[in-house]
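Notes follow once the structure below has been shown.
The values are calculated or read from the model by the stated rules, or taken from the named source; none is laboratory data. It should be emphasised that the depicted structure is a prediction, and the values quoted were computed from it without experimental measurement. Glycine also receives a Cβ, built like all others from the backbone with ideal geometry; neighbour counts cover every protein chain displayed.
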């Protein structure tokens, strides 16, 4: 085996939301707010990313929602929708990325996923998106009690999926997660669109094209 082949990444580790699945709370809340700026304040200050990350890391929706409703009662109804209307935050597949995933599958590339996602809602995604069955293993943050960008969840994914970071391409749309992955030795690619991703994978010899 040539030395270049030894260095070539052999597995692909995908993020899900923002890469393969268009999850965005704005799909739910935009029609409910008369003022766009108020909606953005609500998403930044009430159901903020750190609060949602607690849910992704395993905190029960009911507990997190009840606490936040008590803190911000004027938005109690909208906070409750974070779970009761969670499905409305899903807007389908990211254009073009699932086609790339299918090509990788058809080429026999080992496919894994590492996603910040609540264990309570991930079964709903499995029901809706058939392509999730293409992965050999999906590490879901809410199921393991850790969430990106914690280094520990990347290390856990490597153990659970038997990955060698230096021979694994990690794909995520969040730069902080990319930085942590790079620090752990993964070949990390920031997702900005299907075209750029296809080119990056072709350059790594994982898809036909430029090498």
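The single condition from (1) in a helix (DSSP H, G or I); (2) more than 14 Å from the chain's Cα centre (by Cα) that residue 177 fails is (2). Would you check if residue 58 is modelled with pLDDT under 95 and not in a helix (DSSP H, G or I)? Here the answer is no, as residue 58 does not meet what is asked. For the range 124-138, the count of residues that are over 15 Å from residue 14 (Cβ atoms), surrounded by 15 or more Cβ atoms within 10 Å (Cβ to Cβ) and not assigned by TED's automatic domain parsing to the domain that holds residue 85 is zero. Checked against the criterion of being under 18 Å from the mean Cα position of the chain (by Cα), surrounded by fewer than 21 Cβ atoms within 10 Å (Cβ to Cβ), assigned by TED's automatic domain parsing to the domain that holds residue 104 and in contact (Cβ under 8 Å) with a residue 40 or more places away in the chain, the candidates 191, 170 yield just one match: 191. Within the range 180-195, the set of residues being assigned to a helix (DSSP H, G or I) and touching a helix residue (DSSP H, G or I) at 6+ places or on another chain (Cβ under 7 Å) comprises 180, 181, 194. Of all residues in the range 61-95, those that are touching a residue at least 24 places away in the same chain (Cβ under 8 Å) and farther than 12 Å from residue 22 by Cα total 10.
Would you call residue 100 surrounded by 14 or more Cβ atoms within 10 Å (Cβ to Cβ), modelled with pLDDT under 95 and more than 13 Å from residue 25 (Cα to Cα)?
No; evaluated as a whole, the condition is false for this residue.
Of all the residues in the range 145-174, those that are in contact with a strand residue (DSSP E or B) (Cβ under 9 Å, 6 or more places away or on another chain) and in a helix (DSSP H, G or I) number 10. Of the numbered criteria (1) closer than 23 Å to residue 201 by Cα; (2) in contact with a strand residue (DSSP E or B) (Cβ under 9 Å, 6 or more places away or on another chain), the one residue 122 fails is (1). When residue 52 is tested against (1) within 20 Å of residue 117 (Cα to Cα); (2) in contact with a helix residue (DSSP H, G or I) (Cβ under 7 Å, 6 or more places away or on another chain), just one condition goes unmet, and that condition is (2).
Is it true that residue 114 is in a helix (DSSP H, G or I), under 14 Å from the mean Cα position of the chain (by Cα) and within 18 Å of residue 161 (Cβ to Cβ)? Spell out how you get there, then give the answer.
Details: in a helix (DSSP H, G or I): no; under 14 Å from the mean Cα position of the chain (by Cα): yes; within 18 Å of residue 161 (Cβ to Cβ): yes.
The answer is no for residue 114.
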